[in-house]
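Below is one structure, written out as structure tokens, with a few remarks after it.
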Amino acid sequence: MRIEPARRTRDMVYAVRDIVLVAEEAQRAGKDLLYLNIGDPNLYDFRTPEHILDAVRDAMYRNRNGYSHSSGIEEARDAIRRRALSQGIREIRDIFVTTGASEAIDIALSSLVNPGDNVLIPAPGYPLYSSLLCKLDVQAREYLLNEEEGWQPDLADMEARVDDKTRAIVLINPNNPTGAVYRKEFIEGVIDLCRRNGLVLFSDEIYDRLLFDDHQHVSSASLADDVCILTFNGLSKNYVAPGFRIGWCIVSGPQETTADYLAAMLKLTRARLSASHPMQYGIAPALDGDDSHLQDMIQRLESRAALTDRMMNAIEGIRCVRPQAAFYAFPSLEIEEEDEDFVKALIRETGVVVVHGGGFGQKPGSRHFRIVTLPDEEILRRAYERVADFLQAWPSRRK
Amino acid sequence: MSIRAARRTAGIRYANREVVQLAEEAQRRGRKLLNLNIGDPNIFGFRTPECIQEAMIRAIRENHNGYSHSSGLAEARAAIRRQAESRGLRKVQEVLVTNGGSEAIDMALSALVNSGDNVLLPAPGYPLYAALLSRLEAETRRYRLDESNNWQPDIEHMAEQIDGRTRAIVLINPNNPTGCVYSRETIEAVIDLCRGHKLVLISDEIYDRILFNGHEHVPSASLADDVCIVTINGLSKNYIAPGLRCGWSITSGPAGLCEDYLQGMRKLSRVRLSAGHPQQHAIAPALLGAQEHLPPLCDILSRRARFCAERLNAIEGVQCVEPQGAFYAFPSLQIAGRDEDFVRELILETGVIVVQGSGFGLQGQPSYFRIVTLPGDEVLAEAFDRIEDFLGSWRRRHPFTEEAAAPAL
């Protein structure tokens with residue numbers, strides 16, 4: 001006899017972490033692994049700014065080790081509000097601090113959808129959303145990002161997928177896994193779709209400070225005050241502290257539109273008591289600081305993205321849209337086989353660990369893989385050389 | 001147009017935090033607040049042991065600020081496993097480190113129940129479980145804890161609640177809100193029910209080191225190796241660090257029985273990436289350390305528990321079972337009217353903040369309220385004086401008659 005798990009876990013796949021199992025196998029087989037798969041800057045040559053660490057340490061010495069208010073500490077929420085206002089976010093209704101942006105997204109989805117509802121998520125897109133919807137027994141509907149348009153959302157495809165059971169649209173901007181930054185007119189198009197259909201816009205902006213080549217990030221909630229918009233952000237990426245698990249949600253829009261939904265979200269925050277308390281003391285110093293770590297960080301990320309663009313596009317059978325932000329690239333592969341088979345073989349044969357495009361959703365028939373561009377240029381170069389050699393020898397490329 | 005909230009949130013009530021709003025109102029009215037409502041030792045002057053703080057600060061300095069493995073830091077999991085085995089837990093299959101015991105419970109339930117399934121929860125019991133089941137659109141069924149038997153679970157009543165859709169029984173031992181520690185016989189009887197009905201036992205043992213007057217805690221998973229038992233624990237209470245949000249689950253039982261369920265839990269743990277990383281570096285030092293903070297902690301809490309019981313029992317119309325562990329007491333009240341109204345007025349009139357029994361899943365008569373026994377002796381004494389005065393005035397305004405008293409549940 002076996003304990004039968006809940007149905008919600010059955011269809012849950014998490015390619016980013018599942019690929020780790022293949023990598024472990026390759027390591028046991030003696031391969032020299034090059035990790036281009038984990039979006040964790042601390043594993044590479046990036047460090048949490050010192051003043052954030054000092055703030056957490058001081059909080060612990062001041063015995064801030066008990067629970068915080070369920071919505072988060074006052075000084076952190078004030079700093080988040082100041083930052084949001086400076087980005088032009090209007091009609092802010094509330095802010096709550098969470099255990100990573102992951103928890104904010106979980107709370108926001110759980111408070112909104114009933115079984116039978118659906119939510120529009122990007123393909124390709126970060127897999128947390130489809131997993132959480134799976135957990136809620138709710139359908140994830142994928143809308144396409146348009147590779148030909150530098151991975152901007154395909155508004156026509158998005159609109160075609162909205163029906164009367166649709167409750168929300170998820171935008172990830174800057175995008176994981178494509179590295180695209182959305183242009184204002186596309187965001188306005190999405191907001192308009194939300195406006196016409198009474199939908200909530202989930203705007204995941206966790207990479208909004210990591211911008212290259214003078215690209216500008218426009219916060220969705222700065223473009224409308226008549227739509228319910230949830231803006232997700234946190235310390236994980238911009239402030240190089242993913243292991244702190246500190247994120248937040250900014251709820252904006254008309255009071256009467258958002259009130260019931262907000263009350264439901266706050267109920268869920270109360271049930272789980274609070275986010276980590278001492279870590280929250282890192283928020284105000286981070287947001288109110290001089291961001292001096294960013295210049296150097298962006299410089300390194302930008303040159304790694306440029307190297308990726310250059311080397312990937314030099315490989316026959318690969319095309320790569322140059323990333324504009326964040327630390328990912330999502331090159332396409334001209335092969336006949338599934339990209340999952342390609343990637344698993346790549347890991348086993350060469351030790352280069354990437355994640356297959358299928359793990360993020362993609363246009364049917366297309367093949368991709370995601371690269372994390374955080375490693376230094378030396379490692380990236382070695383990895384890309386191995387990818388080039390491996391692809392050349394790949395069965396459907398030899399014909 | 002208003003955005004409709006999901007149905008799953010409609011039934012969620014969290015009285016612990018709702019009384020806070022009343023307290024704010026009382027403060028505006030100029031009352032001097034006495035907090036007997038929050039199970040957070042740090043706000044009452046208890047301090048996180050130095051070794052935990054130092055380990056976490058060292059981890060931050062050493063750049064353990066990225067994600068950890070989804071299941072938790074290897075060194076922490078090894079320490080948890082070692083401690084579990086030394087306490088007699090049998091057939092440990094997996095240890096998962098989580099964002100507080102709360103997340104461990106969330107994962108254990110989310111990986112198990114489908115909508116329409118039901119889970120047995122104690123009445124009274126800590127409200128997180130009912131909120132999570134509501135979120136999962138699963139049904140809460142309450143079994144009685146028996147006040148006349150020192151708040152041990154009523155096994156017969158528990159058995160009556162089980163049907164074909166029951167998936168798990170939740171035990172909270174030592175108990176929040178009663179402070180009761182369960183006897184070996186009680187736990188064995190619950191395990192028998194799980195065995196007979198193929199149920200998972202979720203054993204919440206987050207207070208298992210906070211014990212008074214020679215009472216011993218028996219881990220459920222030390223009593224069986226043929227039932228799937230998920231033991232919940234963490235740094236929050238035993239190690240005075242609730243704000244670090246560092247908990248874990250230990251799943252034990254036959255490998256074949258647990259495997260699919262465990263896969264479900266592991267998947268959920270991968271989705272949310274990892275628990276807070278630096279704090280996980282404090283787990284091994286905490287569990288393997290000298291535990292020097294515990295004897296004085298238990299000593300002071302046991303004196304306060306005795307004082308609470310004695311002082312409350314001296315008030316006419318109040319009865320209180322003396323707590324055997326943790327930091328709560330759950331006195332009963334002989335009053336007319338709803339406990340919710342009594343507590344609301346108590347807070348607004350006297351500033352003494354407690355939580356009504358119905359917040360812990362107990363409806364009807366007699367009424368109850370939960371007090372947290374963490375505050376200092378003088379605060380407790382002052383609070384009980386105010387409660388005594390207020391209760392006297394309440395009973396004069398709302399005469400208590402035996403006919404008003406219908407049995408709870």
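The values are calculated or read from the model by the stated rules, or taken from the named source; none is laboratory data. Since this is a predicted model, take the numbers as computed values, not measurements. Positions of Cβ are generated from backbone atoms using ideal geometry, with glycine treated the same way; all protein chains shown enter the neighbour counts. Side chains are part of the model used for accessible areas, which takes the heavy atoms of the whole protein and leaves out ligands, DNA and RNA. Shrake-Rupley method; radii C 1.70, N 1.55, O 1.52, S 1.80 Å.
Worth a mention:
- Some residue of region B:149-162 being out of contact with any helix residue (DSSP H, G or I) (no Cβ under 7 Å at 6 or more places or on another chain) and aliphatic (A, V, I, L, M): no
- Among the residues of region B:313-341, just one is crowded, with 22+ Cβ neighbours inside 10 Å and part of a helix (DSSP H, G or I), namely B:Asp339.
- Total residues in region B:94-125, condition within 26 Å of B:Ala282 (Cβ to Cβ) and within 11 Å of another protein chain (Cβ to nearest Cβ): 10
- Scan of region A:251-268 for residues that are closer than 11 Å to A:Ser71 by Cα and more than 9 Å from chain B (Cβ to nearest Cβ), ordered by number: A:Leu266
- All conditions but one from (1) touching a residue at least 24 places away in the same chain (Cβ under 8 Å); (2) at the interface with another protein chain (Cβ under 7 Å from one of its Cβ atoms); (3) farther than 30 Å from B:Ile387 by Cα; (4) crowded, with 22+ Cβ neighbours inside 10 Å apply to B:Ile52; the one that does not is (2).
- Where helices (runs of 4 or more DSSP H) fall wholly inside region A:273-384, the ranges with 3 or more residues that are modelled with pLDDT of 95 or more, in contact with a Gly (Cβ under 9 Å, 6 or more places away or on another chain) and surrounded by 23 or more Cβ atoms within 10 Å (Cβ to Cβ) are A:277-280.
- Checked against (1) open to solvent by 10 Å² or more (accessible area, probe 1.4 Å); (2) part of a strand (DSSP E or B); (3) more than 14 Å from chain B (Cβ to nearest Cβ); (4) touching a helix residue (DSSP H, G or I) at 6+ places or on another chain (Cβ under 6 Å), A:Glu142 meets all criteria but (4).
- Meets criteria (over 23 Å from the mean Cα position of the chain (by Cα) and not assigned by TED's automatic domain parsing to the domain that holds B:Asp146) for B:Gln334: yes
- Every residue from region A:145-184 that is open to solvent by less than 50 Å² (accessible area, probe 1.4 Å) and among the small types (Gly, Ala, Ser): A:Gly150, A:Ala168, A:Gly179, A:Ala180
- Considering A:Ile229, A:Ile191, A:Ile206, A:Ile187, the condition of being in contact with a Phe, Trp or Tyr (Cβ under 7 Å, 6 or more places away or on another chain) and either surrounded by 17 or more Cβ atoms within 10 Å (Cβ to Cβ) or under 24 Å from B:Gly276 (Cα atoms) (or both) is satisfied by A:Ile206 alone.
- Some residue of region B:212-229 being of a type in the set (A, V, I, L, M) and either in contact with a Pro (Cβ under 8 Å, 6 or more places away or on another chain) or under 28 Å from A:Phe244 (Cβ atoms) (or both): no
- From B:Phe307, B:Phe327, residue being within 14 Å of chain A (Cβ to nearest Cβ) and closer than 30 Å to B:Phe390 by Cα: B:Phe327
- The condition (being assigned to a helix (DSSP H, G or I) and either among the aliphatic types (A, V, I, L, M) or assigned by TED's automatic domain parsing to the domain that holds A:Val355 (or both)) is satisfied by just one residue among A:Ala156, A:Ala180: A:Ala156.
- Within region A:72-102, being within 13 Å of another protein chain (Cβ to nearest Cβ) and open to solvent by 10 Å² or more (accessible area, probe 1.4 Å) holds for A:Ile73, A:Arg93, A:Thr99, A:Ala101, A:Ser102.
- Which listed residue, of A:Ala79, A:Ala59, A:Ala84, A:Ala55, is touching a strand residue (DSSP E or B) at 6+ places or on another chain (Cβ under 6 Å) and touching a residue at least 40 places away in the same chain (Cβ under 8 Å): A:Ala84
- Scanning region A:1-34 for residues that are more than 12 Å from chain B (Cβ to nearest Cβ) and not in a helix (DSSP H, G or I) yields a count of 6.
- When residues of region A:106-120 are limited to those that are within 14 Å of chain B (Cβ to nearest Cβ) and in contact with a strand residue (DSSP E or B) (Cβ under 6 Å, 6 or more places away or on another chain), the one nearest to A:Arg270 (Cα to Cα): A:Ala108
- Test result for A:Ala156, hydrophobic (A, V, I, L, M, F, W, C) and away from every other protein chain (no Cβ under 14 Å): yes
- B:Lys237 vs. criteria open to solvent by 10 Å² or more (accessible area, probe 1.4 Å) and within 30 Å of A:Ser68 (Cα to Cα): yes
- Residue in region A:349-364 that is of a type outside the set (Val, Ile, Thr), within 20 Å of A:Val13 (Cα to Cα) and free of Cβ contacts under 8 Å to residues at least 12 places away in the same chain present: yes
- Exactly one residue among B:Phe307, B:Phe384 is in the same structural domain as B:Arg28 (by TED's automatic domain parsing), open to solvent by less than 20 Å² (accessible area, probe 1.4 Å) and in a helix (DSSP H, G or I), and that residue is B:Phe384.
- B:Pro285 meets all of the listed conditions (1) within 8 Å of chain A (Cβ to nearest Cβ); (2) more than 22 Å from A:Ser236 (Cα to Cα) but one, namely (1).
- Tallying residues that are polar (S, T, N, Q) and open to solvent by less than 10 Å² (accessible area, probe 1.4 Å) within region B:275-299 yields 2.
- In region B:1-33, of all residues being assigned to a helix (DSSP H, G or I) and under 18 Å from the mean Cα position of the chain (by Cα), the one that is farthest from B:Tyr328 (Cα to Cα) corresponds to B:Glu18.
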